[in-house]
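The values are calculated or read from the model by the stated rules, or taken from the named source; none is laboratory data. Everything numeric here is computed off the predicted structure, so don't read it as measured data. Note that we place each Cβ from the backbone using ideal geometry, even for glycine, and neighbour counts take in every protein chain shown.
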Amino acid sequence: MIAGEAFSSWFIRLADAHGMSVQQLGFWLMGRGRQVFAEDVDRGAWEHLLDTVAVAAGQPLGTLAAGTLRSYEGVLWGELPRQGTARWVLPIIKRCTLRDGYGVQYCPLCLATDEAPHLRLVWRLAFTVACPEHGCLLLDRCDRCNSPVAPHRWRTGALRELGSSGIVRCQACGADRRRSRIGGAGPPLIAAQARLTDALQKGHTALEGQSVHGLSFFAGAAMIWSLLDDPRDALAVWDELELDVPTFVQSTAERYGSFERRSVFERAQLLEAFERLLCRGVDDFIRGLSLRGFSSRSLLRFSTSVRAPAPFWYWSIVRDHLDRTMYTASDGELDEAIRHQLRIDGGCFARASEVCRLLGMATSSSARVGRRMRELGVPCYRASPQDTGCTLG
């Protein structure tokens, strides 16, 4: 296996080297009827697949494991789910061995210059949208027929040229991926991607004047990407960055799923906006949203208390600027406020609503204030019978 290569790519090359289709090699290793690529093999979904292949091919198990997405555990996620959605992983939407999702990307120039053309593991990640070596955007589909990249579907037959591979040929139309049209990726986009790649490799990054562990950084980054990709508050969020709302965000009537399902061109726009936000400062950005009337609930809507809690660095910034939770006063503070209000009102009575305002409490706490007034023998007054509390006593 070549350093940085995805396990799926190596498995396809192994089948090619033995003159077998991927399905035939899978049957030989795992037993007839076992469609290896019916699962996302880069996620290590098949039990004992790596062990079996390592023994058969004479490869160290650790080398093969490094080619799976599980090698990013502890940085991108605590533990990669074997199935279902996973943050930052481009999904391969499967119909048996067919694919409807654009979960595999490639660089035509890399494939053209590789001694042995192969797919990189990092190309499976949503924030990887460009090739830093060649300064071009990656492709996530055939530029001739628009089919998803599914190299395991290449069949041995008369249409296959000698020495070709499913990695370099479109499984649907046979187009040579090495000759695909490419789009340029400017230095700002390359630098934005490099920031996330560096955090992935080092396991930590500098953020808001502190060193943040990769696991926390990518968890918070995913929430910000989701916010940028959410049509509900898109106008205010993108305007705060002094950017126009992308058409693909604006035209999304309902939540489609996640930003991982966006095309490479769309994810490139999200990456550039995220980099602009980081350069400005997350704290300053959140402060700007607070002035626009955002609530903490809006910015934490993509977190869950169990599966995807907001990391502390992000949660603390949101709390500082957007948490409008009303204060709950102690009994001692309440007593002093009642006495203070009683003096202001001339000693005849005190207004429960004014006591609440004085302490920064919710008006729904008027009932508690009224009960405490009665316990202290202080007359309380309500201007409206609908108000919670007590009448003139």
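Need at least 1 residues that are without any contact (Cβ under 8 Å) to a residue 24 or more places away in the chain and among the aromatic types (Phe, Trp, Tyr) per element, so show me which helices (runs of 4 or more DSSP H) inside region 199-251 make the cut, counting only ones lying wholly within it.
Here the list reads 247-250.
Could you list, in sequence order, the residues of region 189-200 that are closer than 21 Å to Cys110 by Cα and not aliphatic (A, V, I, L, M)?
Scanning region 189-200 gives Gln193, Thr197, Asp198.
Residues checked against (1) crowded, with 22+ Cβ neighbours inside 10 Å; (2) within 23 Å of Arg13 (Cα to Cα); (3) at pLDDT 90 or above:
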site	(1), (2), (3)
Ala126	yes, no, yes
Val129	yes, no, yes
His134	no, no, yes
Ser147	no, yes, no
His152	yes, yes, no
Gly157	no, yes, no
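Which of the residues spanning region 108-150 are more than 23 Å from Leu270 (Cα to Cα), in a loop (DSSP other than H, G, I, E, B) and among the hydrophobic types (A, V, I, L, M, F, W, C)?
Residues satisfying the conditions are Ala116, Leu119, Cys145, Ala150.
Does Ile167 count as within 17 Å of Leu119 (Cβ to Cβ) and β-branched (Val, Ile, Thr)? Talk me through it step by step, then tell me what you get.
On the way: within 17 Å of Leu119 (Cβ to Cβ): yes; β-branched (Val, Ile, Thr): yes.
Judged against the criteria, Ile167 is a match.
Among the residues of region 58-91, count how many are modelled with pLDDT under 85 and surrounded by 14 or more Cβ atoms within 10 Å (Cβ to Cβ).
Final tally of qualifying residues: 1.
Which of the following residues is buried (at least 16 other Cβ atoms within 10 Å of the Cβ) and of a type outside the set (Ser, Thr, Tyr): Asp233, Asp239?
Asp233
Just need a number here: residues in region 259-286 that are assigned to a helix (DSSP H, G or I), crowded, with 21+ Cβ neighbours inside 10 Å and basic (Lys, Arg).
The total comes to 1.
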